[in-house]
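To keep things clear, I will list the structure first and then write my remarks on it.
The values are calculated or read from the model by the stated rules, or taken from the named source; none is laboratory data. Nothing here was measured: the structure is a model prediction, and the numbers come from that model. All Cβ positions, even for glycine, are placed from backbone atoms using ideal geometry, and neighbour counts span all protein chains on display.
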Amino acid sequence: MAVLLRKKICMIGSYGVGKTSLVRRFVESLFDDRYLTNIGVKIDKKQISAKDADVTLVIWDLAGEDEITTLRLSHLRGAAGYILVADGCRPDSLEKAQELQQRVRGTLGDVPFMLALNKVDLLENWRVPAAELDRLRALGWDCCQTSAKTADAVDELFHTLAFKMLNNS
C-alpha cells in the first residue's frame, strides 16, 4: 500500500512568465492563450505517484513580482519546494528568478527547487543563451525548458521536484 503525503510547492517568478499556465497545464491538462492574472495566491492540488508514495502536491501559484508588487515571503511558509519560472524570451525574467532564488533560500533554507525556463515553443523569439543555463546547472540548479502551450516538459518539471522533495524528507 502506498503512503499518502502532502507537499506544498510555490510557483515564483516575474509577471507574465507563465506560472499560472504551467500549473493549469499540469493540473487540468489545459492551456489558454489569454493572459491569466493572479493578484495574490491561487492554490491547486494534484495527486501523483513518486517513489512508492502517493503525493498530493499543493501548488501555491504566487502573484508575479514587478516594480510595484513584491513577493510576500510569508506565503512561502511550509513549502517543501518551489519552482522558479522565467520566460526564455525575456532574459530580465531569468535575472529576476535568480534574485528571487536568493531571497527564497534566505526564507526557506536549502529546500529543493527547479527552474522552469518557459515558452520553449517560441524558439524564434528565444533570448536566453544556452551558456547561461549551463552556468546555472554548474551551480547545481535543475533546469527544464518548458512550454505550457505544448506541454513540453511540464509533467517532468513537477515530477522531478516531487522526487527531490521526497529525497529531502
Q) Can you tell me which residues in region 91-146 are assigned to a helix (DSSP H, G or I), over 14 Å from the mean Cα position of the chain (by Cα) and under 21 Å from L71 (Cβ atoms)? A) P91, D92, E95, E99, Q102, R103, R105, G106, T107, L108, L136
Q. So which of L117, L73, L157, L122 ends up being more than 17 Å from C10 (Cα to Cα), out of contact with any Lys or Arg (no Cβ under 6 Å at 6 or more places or on another chain) and hydrophobic (A, V, I, L, M, F, W, C)?
A. L122
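Every residue in region 108-128 that is hydrophobic (A, V, I, L, M, F, W, C) and touching a helix residue (DSSP H, G or I) at 6+ places or on another chain (Cβ under 9 Å), please.
L108, V111, F113, M114, L115, A116, L117, W126, V128
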Q: For region 102-138, name all the residues that are among the polar types (S, T, N, Q) and at pLDDT below 95.
A: Q102, T107
Q: Evaluate the following for L71: is it in a loop (DSSP other than H, G, I, E, B), surrounded by 14 or more Cβ atoms within 10 Å (Cβ to Cβ) and not aromatic (F, W, Y)?
A: yes
(Q) Just the residues that are under 14 Å from G18 (Cα atoms) and surrounded by 16 or more Cβ atoms within 10 Å (Cβ to Cβ), please, taken from region 122-150. (A) C144, Q145, T146, S147, A148, K149
Q: Could you list, in sequence order, all residues of region 2-32 that are in a loop (DSSP other than H, G, I, E, B) and either surrounded by 12 or more Cβ atoms within 10 Å (Cβ to Cβ) or on the phi > 0 side of the Ramachandran plot (or both)?
A: Y15, G16, V17, G18, S29, F31, D32
